[in-house]
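Everything below concerns the one structure shown next.
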Amino acid sequence: MSEEVEDVLEGMMRQSLVAGSQLAEQLARVRQQMLRNAEQRSEQASVEAQRSIAADRALMHSVLVPATRDEWWEGAQPEQITRAHTLAEAWKDYDPAAQAASEKIKTEVKNRYGIDTSDLQGDGEYLQDHLVVQQRLEVAAKAAKEHAEAMALVAAAQAEEINRRAVDLHQEMARHQVPQEYLANDDLMRALQHSQASLGTEAEPQADRAVAERLHLIEHNGINGPSIEELKKEIGANYTGTRDSHFADAEFVSAARDWHESKTLAEGGFVEKGNTGLEARYEKAEKELFARIGPMGQDIEDKVLKDPNTKTHSASVKTSQAEQAPVPAYGSAEHYAAFEASLQGTGTDAQIKGRVAAARGQATPPRAAVQAPTKTPTARKARAGAGAGRSRSQDGPSR
């Protein structure tokens, strides 16, 4: 009995040992497979990491290699310099090319822009902002230098042209006592040429008067004539409704200059000296000014007429009747009479007259503008360089 039990136990033991051996073998195979898988994953990760590093290194080289060349810095923009600096600082401990680029960038930024990259502590935005400001200053300084050089060339060319004109017109300059610097005025130069060609002919008195007129205008306004700001002030004081946009129109500015010149010559007594065309010139210039200012004034009056708050029933009837009648020309006496009639009942007589006066403006009638003054006009003080109020000589205004 005991032997049978021992045999059974021995059999069970053998089976247990066999099963344990098989399980251990299976666990060993699983462990080996896990180790092989881990090793493969490690190798793959290593390969991928190496590929990523190689790609980053290639990108770094593509940015930093050009930055080591002097010609790259001539056209480098702030964002390009900032990117190169950032990459160089990140790679300088791992790549010789990055180390060389870092030194080059540090030197160039210091020499060109006065910025020490050692103080930035990796702040790329701060560097880029400073580079933008410095580059703008450099561009402005370069433009100013080029402008000054261009103006110097223009001044030299003008001086040479004036000297040439002085040689050709020296007799007329002596006869009319014209300072040489006045020859920079093209209108005076043409008047002198015409005067020279008219010597001994019937046209000589008229040509001489034209020279005198040009000299008077130069002494009154300077060699270059009135500035745009001066014209704005004068036209605005005589005509309501003028705006800055009008003086962006070359034709309006030309008409304003004609108006100013004819008025200045009339005040200088040139109507009595034989210039019978001043009144016509004044009227033509004023007509041109009215034609360009007028549409805006017409729009203002139309708004007043169409505003129901400024009409009574009788005024509306008058307006309806006026619409059926022929429309008078804007700026004419009939136009302002119709405008005044349309305002009846909208306010007091003083208010109505004020509206009409505002619409009529402060323009001087042509004939009154070109009539010679009853008193000798007081000479204006000369602006610097204008020569006004000075006696003339061939060598220039006396001091």
(message) Could you derive backbone 3J(HN,Hα) for the range 93-105 from the dihedral phi with the Karplus parameters 6.51, -1.76 and 1.60 (θ = phi - 60°), listing whole Hz in sequence and x where the residue is Gly or Pro?
(response) 7, 10, 9, x, 5, 5, 4, 5, 5, 4, 5, 5, 4
(message) Suppose each label sits 7 Å from its Cα in the direction of the beta carbon; what would the residue 284-residue 112 distance come out to in nanometres?
(response) 5.9
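Taking 0.36 nm per intervening residue step and subtracting the Cα-Cα distance, what contour gain separates residue 243 from residue 26 on full extension?
Working: separation 217, 0.36 × 217 = 78.12 nm, distance 10.00 nm.
Going from the current span to full extension adds 68.1 nm.
How would you order 259-268, 137-146 from highest to lowest mean count of nearby Cβ atoms within 10 Å? Present the calculation step by step, with values, prior to reporting the outcome.
Working: 259-268: 22.2, 137-146: 10.3.
Most protected by this proxy first, the peptides run 259-268, 137-146.
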(message) Let me check I've understood the local charge: for residue 74, count other residues with C-beta under 15 angstrom from its C-beta, Lys and Arg +1, Asp and Glu -1. What total comes out?
(response) 0
(request) Please turn the phi angles of the range 141-151 into ³J(HN,Hα) values with the Karplus equation 6.51 cos²θ - 1.76 cosθ + 1.60 (θ = phi - 60°), one per residue in order, whole Hz, x for glycine and proline. (result) 5, 5, 5, 5, 5, 5, 5, 4, 5, 5, 5
(request) Determine, from the Cβ-Cβ distance of residue 77 and residue 233 and an R0 of 41 Å, the FRET efficiency 1/(1 + (r/R0)^6), rounded to the nearest 0.05. (result) 0.35
(request) Using a 10 Å cut-off on Cβ atoms, rank the peptides 98-105, 230-237 from the highest mean neighbour count down. (result) 98-105, 230-237
(message) Spelling out what I want: for every residue of the range 279-291, take phi, set θ = phi - 60°, compute 6.51 cos²θ - 1.76 cosθ + 1.60 (Karplus), and round to whole Hz; glycine and proline get x.
(response) 4, 5, 5, 5, 4, 5, 5, 5, 4, 5, 5, 4, 4
(request) Report the one residue of 28, 128, 109 whose Cα lies farthest in the direction of the positive end of the charge dipole of the range 24-153 (charges on C-beta: Lys and Arg +1, Asp and Glu -1; origin at the Cα centre). (result) 28
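Need the full-extension length gain, residue 155 to residue 174, defined as separation in residues times 0.36 nm minus the C-alpha distance. One decimal, nm. Walk me through the numbers on the way to the answer.
On the way: separation 19, 0.36 × 19 = 6.84 nm, distance 2.45 nm.
Between residue 155 and residue 174, full extension yields 4.4 nm more.
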(request) Would you please give the residues with an amide H less than 5 Å from that of residue 240, counting only those at least 5 places away or on a separate chain, with H modeled from the backbone geometry? (result) 362, 363
(request) State, to one decimal in nm, how far the label point of residue 40 lies from the label point of residue 57, with both points 7 Å from Cα in the Cβ direction. (result) 2.8
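Hey, with R₀ at 56 Å, roughly what FRET efficiency would residue 103 and residue 190 work out to, going by the Cβ-Cβ distance, to 0.05?
Working: r = 66 Å, r/R0 = 1.18.
After rounding to 0.05, the efficiency reads 0.25.
FYI, it's all coordinate maths here, none of it is from the lab. Just so it is clear, the model here is predicted, and its values are computed rather than measured. Neighbour counts run over all protein chains shown; Cβ positions are idealised from the backbone, glycine included.
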